[in-house]
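Structure record follows, encoded as structure tokens.
Each reported figure results from applying straightforward, stated rules to the coordinates on display, with no laboratory input. This structure is a prediction, so every number in the text was calculated from the model and none was measured. All Cβ positions, glycine included, derive from the backbone under ideal geometry; neighbour counts span all protein chains shown.
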């Protein structure tokens, strides 16, 4: 974990209310794995007091990209930064995705801002495996409308097949991305034992993804979203209820883990989704 003040290279509006910031931070970029995040002080003043967590959307040897939506005082302040200014950040934090060596097909399922953590994973899979295996990578992106479909061109540059879902039917599959996910599994005839699923998005979406993956006996990891204060496991504010191996919940077979420290990536079989 590193703490530094890093210069901003770009801070671009990419969709209504959504921005992408490029930060020059070679030390953090080289140490980051897909699924990890950085904790950023959004302004130079005292307010907002707490840092905000952001998934590392993309990285190279020198820069990290973060994708964010204006939802409050912190992200609004962040959107006002201009190239040449700097941000105070800590990272990389948390535990990232674990790609199974024995899988040949990978499905990445993103709901809304959940796409922020999956581009770095797609790049990691493409670089880690040979071209044939990278071509067996598919990305499913969902949003309310086509204007809010994020990072589509970034995935296209990697040569990855992309399917989209919009709730209003303005582009791609009409409905939720979970419906598209269920349809793809059947239409593609995917092998359960050779397919791995990764997902990020709202909790209800992830709960449904977990159920579909379980129905088809597919391995699945999710990146959980939660409000965080410290980002390093000290404040105990971002807890998730998880199962204890070999026991059921009724037998007190559960415990609590911290999304910031133990996650944000979890195996779906571990999470108690009804809590």
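Key figures for this structure:
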read-out	value
Region 2-93: relative contact order as a whole-number percent, Cα under 8 Å and 6+ apart	42 percent
The chain - Kirkwood radius from inverse mean 1/r over Cα pairs (Å)	19.1 Å
Angle between the chain longest axis and helix 203-215 axis [Cα atoms, degrees, rounded to 10]	30 degrees
Cα→Cβ-extended label distance, 7 Å offset, between residue 146 and residue 27, nm	4.6 nm
Burial ordering of 191, 223, 79, fewest other beta-carbon atoms within 10 Å first	191, 79, 223
Spin-label model distance (nm) - residue 71 vs residue 9, 7 Å beyond Cα toward Cβ	2.7 nm
Sites residue 82 and residue 203 - FRET efficiency at Förster radius 35 Å, r taken between beta-carbons, to 0.05	0.50
Rough spin-label spacing in nm, given labels placed 7 Å along Cα→Cβ, for residue 104 and residue 61	3.5 nm
Computed E for residue 232/residue 187 - FRET, C-beta separation, R0 41 angstrom, nearest 0.05	0.45
Footprinting exposure proxy for 50, 140 (fewest neighbouring C-beta atoms within 10 Å first)	50, 140
Inter-part distance where region 1-61 and region 69-104 are each reduced to a Cα centre, Å	4 Å
